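Here's the structure we're looking at; comments come further down.
All of the numbers you see were taken from the coordinates with simple rules; none came from a lab. Everything quoted here is computed from the prediction, not taken from an experiment. Because the Cβ atoms are built from the backbone with ideal geometry, glycine has one as well, and the counts that use them run over all protein chains shown.
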Amino acid sequence: MDFPKWFKISLLALNGIGWMVAYFLIIFRSYKDKTYGMPFVALAFNISWEFLYSFVFIAPKLNLQTAINRFWFAADVIILVFYFVYGKKDWKYSQSKSLFYPYSLFVLVSAAGLLYFFEMDFLKSAVTYSAFIMNVIISASFLQMILHRNSLSGQSFGIALFKLIGTLCATIFLFDGFTNFLILLGLICFILDAVYLIFVMRMYKQQQLHLITRKPYN
């Protein structure tokens, strides 16, 4: 397909807005629920990718995607703070609490290193391939989080919905001349996000909560 320029810019903008709204809602729910609203492995890759493509590997002139990346990065810094404030209480290995910070630092450094050398080795195509490979991990992590917690802690219908909107726009964008491999990655992300949204909605139904207000029906 050959999309017109205005349509491609609109997809990029909606992708950015969708994820930004999801970030703000994650921050809000993290604050309200006294937890962190993004799975840590997903957060580590997210914040590393956004830092690298906001301040290290950037175009000579500031473009729309770089500006979006910087907004995302700022939001992820706040989410990372919530992780370090509340993550220890969610640490599964209660007998080894002292490993929480070394483990977290290792994951952050590993994610940044993998993405940095992926860019160095694959150059021009790295930014898109790394983004969608990473997004499969992120989408799967969100689904695993709700299954692990078996609650809406740190999560909401709005987060799942706007995350899905962002993924959908990014996936449609790939049909404008990108490889079949990338399109497949985009479709996998979309399906995982759709399943995540269904699980979130089921959790609301089980707890008899309104999707928008989150207030009990009775």
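Using the crude model of +1 on Lys and Arg Cβ and -1 on Asp and Glu Cβ, and no other charge, please compute the dipole size for the chain relative to its Cα centre, in debye to 20.
Values: 18 positive and 9 negative charges, 171 e Å.
That gives a dipole near 820 debye.
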>> Highest mean first, how do 168-179, 35-46, 11-22 rank when packing is the count of other Cβ atoms within 10 Å averaged over residues?
In response: 35-46, 11-22, 168-179
> If you find the alpha carbon centre of region 99-126 and of region 1-80, how far apart are they in angstrom?
Replying inline: 17
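Based on DSSP loop calls and a cut-off of at most 10 other Cβ atoms within 10 Å, the longest stretch of the chain free of exposed trypsin sites (Lys or Arg not before Pro) is what? Write out the running numbers ahead of the final one.
Numbers: sites that count: K61, K92.
No qualifying site falls inside 93-218, the longest such stretch.
Return the FRET efficiency for the residue pair Y217, F28: r is the Cβ-Cβ distance, R0 is 30 Å, and the value is rounded to the nearest 0.05.
That gives a FRET efficiency of 0.85.
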>> Computed from the coordinates I sent, Cα extents along the principal axes in Å equals one of (i) 51, 36, 32; (ii) 61, 35, 29; (iii) 50, 42, 28. Tell me the label.
In response: (iii)
> If you project the alpha carbons of region 120-218 onto the principal axes, what extent comes out on each, in Å, largest first?
Replying inline: 55, 25, 16
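Report the percentage of all Cα-Cα pairs in region 113-171 whose separation exceeds 16 Å, rounded to a whole percent.
Working: 950 of 1711 pairs.
Of the Cα pairs, 56 percent sit more than 16 Å apart.
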> Over region 1-104, with a single point scatterer placed on each C-alpha, what log10 of the ratio I(q)/I(0) does the Debye formula yield at q = 0.14, 0.21, 0.23 1/Å?
Replying inline: -0.64, -1.09, -1.20
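Between their Cα atoms, which of K5/K215; K92/K163; K5/K32; K97/K205 are more than 31 Å away from each other? Intermediate values should be presented prior to the final figure.
On the way: K5/K215 43 Å; K92/K163 27 Å; K5/K32 41 Å; K97/K205 35 Å.
With Cα atoms farther than 31 Å apart: K5/K215; K5/K32; K97/K205.
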